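Below is one structure, written out as structure tokens; comments come after it.
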Amino acid sequence: MSRQLRFREEPKRRFSGSTLEHHTFFLEDPSYNLMEFKYYCHTEAIFGSYDYAQIGDSA
């Protein structure tokens, strides 16, 4: 079954040029729940890096 989900916010790029750079957008489901989708350009922003202790999961 296909549903037309509404964009709550149009897709955008955030933190361009930094390790935290990512593409993000929000969809609204039929029950009005918001779902955020992100695509990070650098894996260090997701999993952490020894050089960037402020991002990613802490050990």
Sorted on mean Cβ neighbours within 10 Å (highest first), peptides 6-13, 37-44 come out as 37-44, 6-13
Cα pairs beyond 11 Å in segment 1-41, in percent, come to 64 percent
Per the rule of 0.36 nm per residue minus the C-alpha distance, extending Lys12 to Ser31 adds in nm 4.4 nm
Placing each pseudo-label 7 Å from Cα in the direction of the beta carbon, His42 and Thr24 end up separated by a distance in nanometres of 1.7 nm
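All of the numbers you see were taken from the coordinates with simple rules; none came from a lab. Source: prediction; values computed, not measured. Glycine also receives a Cβ, built like all others from the backbone with ideal geometry; neighbour counts cover every protein chain displayed.
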